[in-house]
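K.L.:
Quick one: this structure, given as structure tokens, is what I'll be asking you about.
The values are calculated or read from the model by the stated rules, or taken from the named source; none is laboratory data. Values in this document were obtained by computation on a predicted structure and should not be read as measured data. For neighbour counting, all protein chains shown are included, and Cβ atoms are generated from backbone atoms with ideal geometry for every residue, glycine included.
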């Protein structure tokens, strides 16, 4: 795709200059020397773009790359903190059917305190974009919500919404291994980023905080109720379950549709613990032994009472 763009832009420049020079009073043809200069400049542009794209691909290949589940913590009330966490690559580090698998534990407390904030100031979003097409005209994208209610997919402007999501996701991810990076943790899988950078998550995915949890208008359900992100201040227990949704954009009818999971409409459950750990499809929490003893005791009391009534 990048090669196509690189070839397309120089070609358009050449045709533009040809048209400009051919529209004179005497329709003078573009001189051969001028044409050579344009083609030389175009070739340099092509080389620079290809070199840049290869360098970015190398940087992104380890973390925050294509098909990587990206978790972002940021301070919604101010611009003190933004932390990017790479939860792993789908198909390589984890699958959507994995059970009770820990994806990552991020030491949030230390990083947040260093920036003059506290954990309860943070909001969190999780998303993943497949910049490569699944087929000739289908692209996949994922995001989480805090409820199991199926989000509304954009309908009337599906192509526009998907395009915004793709570009914002790419900009935010690139921000974590380029100009917006402040510090790396855990070999680069956790990144402190500049929250004031134009490519920050809050600016790109939340449109400068105006629509939190919509993932750049892809999650239409959150436009009316902010269920697309987790505000840590609202956590009442030791963990919070999030639901991962898979949508596909089909370029032929230009429409988005939900791709249901194996057992539910959502593709997986991501459980976030207060210590910064994220687990995919957590196991059901077993009842404590004391509860079982209490239940068995109640059953015994009911049985004795019935026997006496007879």
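K.L.:
Taking into account only those residues within segment 163-191 that are assigned to a loop (DSSP other than H, G, I, E, B) and in contact with a strand residue (DSSP E or B) (Cβ under 7 Å, 6 or more places away or on another chain), which is modelled with the highest pLDDT?
P.N.:
189
K.L.:
On to the next question. Taking only pairs six or more apart or across chains, which ones have beta-carbon atoms under 6 Å, a first residue in segment 52-77 that is over 30 Å from residue 121 (Cβ atoms) and outside the structural domain of residue 276 (by TED's automatic domain parsing), and a second residue that is in a helix (DSSP H, G or I) and modelled with pLDDT under 80?
P.N.:
These pairs meet every condition: 53/2.
K.L.:
As an exercise: evaluate residue 43 against (1) modelled with pLDDT of 50 or more; (2) touching a helix residue (DSSP H, G or I) at 6+ places or on another chain (Cβ under 9 Å) and give the number of the one condition it does not meet.
P.N.:
So residue 43 meets the others, but not (1).
K.L.:
Further question: On the given criteria, is residue 247 at pLDDT below 90 and either in contact with a helix residue (DSSP H, G or I) (Cβ under 7 Å, 6 or more places away or on another chain) or not in a loop (DSSP other than H, G, I, E, B) (or both)?
P.N.:
yes
K.L.:
Does residue 253 qualify as being at pLDDT 95 or above, under 25 Å from residue 128 (Cα atoms) and not in a strand (DSSP E or B)?
P.N.:
Spelling it out, it is not the case that residue 253 is at pLDDT 95 or above, under 25 Å from residue 128 (Cα atoms) and not in a strand (DSSP E or B).
K.L.:
Separate question: Those residues that are without any contact (Cβ under 8 Å) to a residue 40 or more places away in the chain and assigned to a strand (DSSP E or B), I need them from segment 78-101; list them, please.
P.N.:
The answer is 88, 89, 90.
K.L.:
Could you say which residue among 142, 160 is in the same structural domain as residue 273 (by TED's automatic domain parsing) and modelled with pLDDT under 85?
P.N.:
160
K.L.:
Which residue out of 153, 117 is modelled with pLDDT under 85, more than 18 Å from residue 86 (Cα to Cα) and more than 12 Å from the chain's Cα centre (by Cα)? Walk me through how you get there before you give the answer.
P.N.:
Numbers: 117 fails: modelled with pLDDT under 85.
The conditions single out 153.
K.L.:
Let me ask something else. Which residue is surrounded by the fewest Cβ atoms within 10 Å (Cβ to Cβ), if the candidates are limited to segment 274-308 and must be under 21 Å from residue 97 (Cβ atoms) and modelled with pLDDT of 90 or more?
P.N.:
Of everything passing the filter in segment 274-308, 283 is surrounded by the fewest Cβ atoms within 10 Å (Cβ to Cβ).
K.L.:
Restricting to segment 247-277, name every residue that is more than 29 Å from residue 119 (Cβ to Cβ) and within 18 Å of the chain's Cα centre (by Cα).
P.N.:
247, 248, 249, 256, 257, 258, 259
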